[in-house]
Amino acid sequence: MRAEASVVIIGGGIIGTAIAFYLCKKGMKDVVLVEKSYLSSGSTGRCGGGIRQQWSERMNVRLAMRSVKLFERFEEEIGMDIEYYQGGYLLLAYTDEEVELFHKNVAMQQEEGLDVRLLSKEETKEKFPFMNLEGLKLATFCPTDGHANPHLATMAYAKAAEKMGAMILTHTEVTDIDVQSGQIKGVLTTKGYIKTSVVVNAAGGFSREVGLMAGVELPTESYRHQIFVTEPLEHILDPLVISFVNNFYIRQTKSGNFIMGQGDKDEPPSHKHDPSWKFLTEMTEKMPHFFPFLKEVRVLRHWAGLYNMSPDAQPIIDKSDKLSDFYFAIGFSGHGFMLAPAVGEAMADWIIYGSPEEVDISNLKMERFSKGVSREKNVV
Amino acid sequence: MTECDVLIIGGGPAGLAAGIEVGKAGLKALIVDEGVRFGGQLVKQTHKFFGNEEFYASVRGFEIAEKLLEELRAMDNVELMPESTVIGVYEDGVPILHRPSDTTTLLRPKRLVIATGASEKFLQFENNDLPGVYGAGAVQTLMNQFGIMPGENVLMIGSGNIGLIVSYQLMQAGVNVKAIIEASNRVGGYQVHANKVRRLGVPILLRHTIIRALGKEEVQGAVIAQVNDSWEVIPGTEREFVVDTICVAVGLSPSAELVSQAGGRLQFISELGGYVPVRDENMRTTASNVFVAGDVSGIEEATTAMVEGRIAGLSCVKDLKGITDEKRLKKFQEQLRAFRSGPTSSKVRKGLEKLNLSFPEKLPRETAVEPSYEAYKGKLRPIIECSEAIPCNPCETSCPFGAITIGENINNVPVIDYEKCTGCGICATKCPGLAIFMMQEKEEKGTATVGIPYEFLPIPSKGDQVYALRKDGSVAGVAKVTKVVKAPNSTTVVYIEVPLEEAREVRHIKVVEMKPEAIVCRCEELTVEDVEKAIEEGYTDFEELRRRLRIAMGPCGGRTCRLNALMILSRKTGTPIEKLDPGTFRPPVIPTTFKAVSKSAKGGESSEG
Ligand SMILES: Cc1cc2nc3c(=O)[nH]c(=O)nc-3n(C[C@H](O)[C@H](O)[C@H](O)COP(=O)(O)OP(=O)(O)OC[C@H]3O[C@@H](n4cnc5c(N)ncnc54)[C@H](O)[C@@H]3O)c2cc1C
Ligand SMILES: Cc1cc2nc3c(=O)[nH]c(=O)nc-3n(C[C@H](O)[C@H](O)[C@H](O)COP(=O)(O)OP(=O)(O)OC[C@H]3O[C@@H](n4cnc5c(N)ncnc54)[C@H](O)[C@@H]3O)c2cc1C
Ligand code: SF4
Ligand code: SF4
């Protein structure tokens, strides 16, 4: 094990590995990534893999658009097929408020240069005849949205970073961060001490706990989110479909399985990973209404992962003002996978050059919480 | 049933026996089974059983089931629910899928007894996914339960008790068993069972293995060949059998996924068949409201399954009522001890030992000189396992330091003085009985180096991965070769590193290569080669492999492929299989329709949840 590192990244999910990749790519030497279990064992390996640019907050749109640019050249740049597929995202509006919000969103998204359009109920029916669109008022569709395989993406970043000299330590847990008079000196792991002056907290569901190791209070909390997959069917559904009021998202994987989930408003904060039967009954009751063919389809596997939530459901990408060189990229709620390429790139730039180059992430700093919270509305 | 105190999953001998005890105490029990008929493995067995008189020895299997059911049917407070599968154990309840109506019911019992038995192990050979290749259990179910013959001509793979019994049953039903093949050099099952099939003219071909199944759409034949002492195919010995069915009977592994979902810890214990629930002498798992009994807690016999079921049942009663018939409980525990004290239970005893459950052996010892492992622990030294009086003394004469004494009578057993011994290892290379093993424990690493006198070809090299075999020939796992000492005209000693707890057991190695084209996972059609390639790419965790290859993600939920993939992983990475994380067992246990789940009726809730 390397006893000294220029940067130690805590967390081997998509965020940590993306940062490692971009740090190495931009010439950083001696990068060490520490993961307590296996790569993508956290939220990343449990997530839906959706990649969307249709957000209500401008910052999220920009970050996601930048990520899509990077996903589009992922295979070429990193050399691995991660099952990236641009089948679009279809967002369904059922209430007047949603109609109003979607109009506003589309205008803002188009201003940002996104190819997104409004679809009437009839247009939607024509495109997706197998859906029951009863009660639908309007939909929006962005053809460049899509999905990819999160596990493969994580492995691709990790392997590429390793090739460029990074050290990836799996099954190694960071147990403490050594801070002396406002300076990071190193991290203590279950496999020994690593000397470093720069630490990146990319610990996903455990971001708050890792922050506390350095004595930094981070306003994040983790919540269980459940998801399940069906047996494979013929390919019929190209886009990922979301309804916010009906609280669901659904997509079909490359192998034909349907993956779907919902948010649970009553879920208390926890680190629980066990699925509940209640979730499965609610979903199986709800979904065949919108996709009638699902009734006879069989559920194969059901699991849960953590949403790491910030007060406004947007990520926190910042550097501590209390001690030197403690960075964090956390609080990604349900959309950390899709933002990872842009976040990885921005963090690497920030660490190496002192500021992010490609996208402006200034709005994602902690200081925003002192100004009052404008919550991202397009979330499940 | 809307309310129950104890939910018993599995209606084999273990589950039925548990139900009787719970029922007798006046508590409400529900026994759920996937099958049309209750009785588990018993209903398929038309032969007379071995075991304890009191537990229906010499009664036929299906009749034992009938006797247990008769007793249960007389109880109003015990309900039987056939054709129903428990599809998961969730934090908020236990859903039961009733297959004929495709509906689910959620129960929240106070106690759970998991008696789900075992599933068959699967063998890797070319074309093993052709229709006509069956597990022995499937053949039994078809034949004895549904009266359907699997084919006309059968090749049986495996001469353990199951292979022998199923062959016999096939012959009884008029199906021709062309041969039973067995890779090792002796019959695995009881002599009496072997004699039974021999009397019928079925050849048992020792040192034979199957190479491939023949046929395009279905099995039309099989190619078998002889293997040498190191289990490698001897070229030129291949021969074809014209058969329409290949029946695989290579052992069972416990179906413990529900225990894991319920929060009970599993441990890999190969003597007990694979991953088994950690549990105490009252059959309580590490999840305090969850009990196990029968094959799910370790592959054994119907007798022990029934006794364990009774213990589990009485333990539930004790939990819920505060008291139980302690005398009965003691009696059953005593019966288990008595049953397991014999020579045929040595494997089970060893397995249970690893769970800190000790069952004393009661055997007449022939000659008392047991190797003392405790003396000089940690020092590199020979362990002499030669306690029979034979006329032999090379150990004495070969030792340059005079540490081994046979004495005047050449029939004496050797006695070693570890004070004089330097650990040079010469004796191990000289002993003609291959009875001297080198050993050095490394407590801090939790491993031990074992030097094994090895007279097979090929001789492995330092750094190679080999299978470590126990005294009884069972695979203890995969071990790394740390040193090879070749001495001219004497035995090569291969040093391997094994987990400390295996050091006294591992006495042989096997150098084998799995056929790269053989199927590991039937759902995703993955071969050994696919898995090996992924491991070489750096996917060295089961969960990583699963996500990379989609192994264990198919409809079978990993029942067939998980263990195979772990074996390959262990062999490739050199990590003993018991140290590998078997990954998560995600519900539902079987694919369940939206319709069935959404219609889920909510059963009674208990105060304890
Ligand atoms: C059910 C579900 C569906 C989702 N669907 C989507 C989707 O469709 N699209 C999308 O973009 N996002 C989705 N998400 C969100 C997405 O999964 C996360 O935002 C993203 O994976 C976060 O990545 P991460 O690297 O920050 O966290 P993680 O993947 O959780 O990685 C953090 C890692 O840090 C490790 N760690 C923690 N503490 C320590 C320590 N002390 N020492 C060492 N290692 C440590 C953990 O083991 C973990 O592997 C979903 C999430 C869930 C739960
Ligand atoms: C060919 C053969 C010959 C044998 N001969 C002898 C002998 O001579 N003497 C002897 O003592 N033993 C013998 N045995 C062993 C004996 O049959 C088993 O040890 C015994 O049946 C184990 O009992 P059990 O209750 O644990 O499991 P099983 O009998 O396997 O019963 C488990 C039951 O659980 C059900 N189940 C599993 N999962 C679920 C779920 N999720 N939901 C609902 N139900 C579920 C299954 O359908 C099954 O009915 C023999 C076994 C075989 C295969
Ligand atoms: S190891 Fe060497 S010294 Fe020890 S008993 Fe054997 S031959 Fe003698
Ligand atoms: S040479 Fe081997 S078999 Fe012979 S007495 Fe010595 S230890 Fe026993």
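The values are calculated or read from the model by the stated rules, or taken from the named source; none is laboratory data. This one's a predicted model, so the numbers in the text were calculated from it and none came from an experiment. So basically every Cβ, Gly included, is an ideal-geometry build from the backbone, and we count neighbours across all protein chains shown. The area values use the complete protein model at the heavy-atom level, side chains included, leaving out ligands, DNA and RNA. Shrake-Rupley method; radii C 1.70, N 1.55, O 1.52, S 1.80 Å.
Determine which single condition B:V292 fails, assuming it passes every other condition in (1) among the β-branched types (V, I, T); (2) within 15 Å of ligand 2 (Cβ to nearest atom); (3) open to solvent by 10 Å² or more (accessible area, probe 1.4 Å).
Going through the list (1) among the β-branched types (V, I, T); (2) within 15 Å of ligand 2 (Cβ to nearest atom); (3) open to solvent by 10 Å² or more (accessible area, probe 1.4 Å), B:V292 breaks only (3).
If B:P150 passes every condition in (1) within 21 Å of the chain's Cα centre (by Cα); (2) part of a loop (DSSP other than H, G, I, E, B) but one, which one does it miss?
That leaves (1) as the condition not met.
So that you can scan it fast, the table gives a plain yes or no per residue for (1) within 16 Å of ligand 2 (Cβ to nearest atom); (2) touching a Phe, Trp or Tyr at 6+ places or on another chain (Cβ under 6 Å); (3) within 14 Å of chain B (Cβ to nearest Cβ); (4) assigned to a loop (DSSP other than H, G, I, E, B):
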| residue | (1), (2), (3), (4) |
| --- | --- |
| A:K36 | no, no, yes, yes |
| A:L39 | no, no, yes, yes |
| A:G42 | no, no, yes, yes |
| A:M59 | no, no, no, no |
| A:A64 | no, no, no, no |
| A:L70 | no, no, no, no |
| A:E76 | no, no, no, no |
| A:M80 | no, no, yes, yes |
| A:L90 | no, yes, no, no |
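Take A:V297 and decide whether it is in contact with a strand residue (DSSP E or B) (Cβ under 8 Å, 6 or more places away or on another chain) and more than 14 Å from chain B (Cβ to nearest Cβ).
No, not satisfied.
From (1) under 24 Å from the mean Cα position of the chain (by Cα); (2) open to solvent by 30 Å² or more (accessible area, probe 1.4 Å), pick out the condition that doesn't hold for A:F130.
(1)
Scan the range B:87-146 residue by residue and report those that are out of contact with any Asp or Glu (no Cβ under 6 Å at 6 or more places or on another chain), surrounded by fewer than 19 Cβ atoms within 10 Å (Cβ to Cβ) and either of a type in the set (F, W, Y) or more than 25 Å from B:E182 (Cα to Cα) (or both).
Residues satisfying the conditions are B:D92, B:H98, B:S101, B:D102, B:T103, B:Q145, B:F146.
Identify the residue in the range A:1-17 that is more than 8 Å from ligand 1 (Cβ to nearest atom) and either touching a Cys at 6+ places or on another chain (Cβ under 8 Å) or outside any loop (DSSP other than H, G, I, E, B) (or both) and, among all such residues, is most open to solvent (accessible area, probe 1.4 Å).
A:E4
Kindly indicate which of B:T304, B:T286 is surrounded by fewer than 22 Cβ atoms within 10 Å (Cβ to Cβ) and either away from ligand 4 (no atom under 16 Å from the Cβ) or modelled with pLDDT under 90 (or both).
Exactly one of B:T304, B:T286 is surrounded by fewer than 22 Cβ atoms within 10 Å (Cβ to Cβ) and either away from ligand 4 (no atom under 16 Å from the Cβ) or modelled with pLDDT under 90 (or both), namely B:T286.
Which one of these does A:S197 not meet: (1) assigned to a strand (DSSP E or B); (2) surrounded by fewer than 22 Cβ atoms within 10 Å (Cβ to Cβ); (3) modelled with pLDDT of 95 or more; (4) not hydrophobic (A, V, I, L, M, F, W, C)?
The one condition A:S197 does not meet is (1).
How many of the residues making up the range B:115-128 are more than 18 Å from B:T209 (Cβ to Cβ) and in a loop (DSSP other than H, G, I, E, B)?
Qualifying residue count, the range B:115-128: 3.
Examine the range B:215-225 for a residue that is over 21 Å from B:G135 (Cα atoms) and touching a Phe, Trp or Tyr at 6+ places or on another chain (Cβ under 7 Å), and state whether such a residue exists.
Among the residues of the range B:215-225, not one is over 21 Å from B:G135 (Cα atoms) and touching a Phe, Trp or Tyr at 6+ places or on another chain (Cβ under 7 Å), which makes the answer no.
Here are A:I317, A:I351: which of them is under 21 Å from A:V216 (Cα atoms) and in contact (Cβ under 8 Å) with a residue 60 or more places away in the chain?
A:I351
Could you please give the count of residues in the range B:83-123 that are in contact with a His (Cβ under 9 Å, 6 or more places away or on another chain), away from chain A (no Cβ under 14 Å) and not charged (D, E, K, R)?
1
I'd like the full set of residues that are in a loop (DSSP other than H, G, I, E, B) and in contact with a Pro (Cβ under 8 Å, 6 or more places away or on another chain), limited to the range B:396-422.
Within the range B:396-422, B:I406, B:I410, B:N411, B:C421 meet the criteria.
Taking B:V202, is it in a loop (DSSP other than H, G, I, E, B) and either within 24 Å of the chain's Cα centre (by Cα) or hydrophobic (A, V, I, L, M, F, W, C) (or both)?
Judged against the criteria, B:V202 is a match.
Among residues belonging to the range B:546-586 that are over 23 Å from B:L258 (Cβ atoms) and open to solvent by less than 10 Å² (accessible area, probe 1.4 Å), point out the one that is nearest to the other protein chains (Cβ to nearest Cβ).
Selected residue: B:L569.
Specify which of the listed residues (B:G221, B:G236, B:G174) is open to solvent by 20 Å² or more (accessible area, probe 1.4 Å) and either touching a residue at least 12 places away in the same chain (Cβ under 8 Å) or under 24 Å from the mean Cα position of the chain (by Cα) (or both).
Among B:G221, B:G236, B:G174, only B:G174 is open to solvent by 20 Å² or more (accessible area, probe 1.4 Å) and either touching a residue at least 12 places away in the same chain (Cβ under 8 Å) or under 24 Å from the mean Cα position of the chain (by Cα) (or both).
Where residues in the range A:300-324 are touching a helix residue (DSSP H, G or I) at 6+ places or on another chain (Cβ under 8 Å) and at the interface with chain B (Cβ under 10 Å from one of its Cβ atoms), which of them is most open to solvent (accessible area, probe 1.4 Å)?
Only one residue fits best here, namely A:W303.
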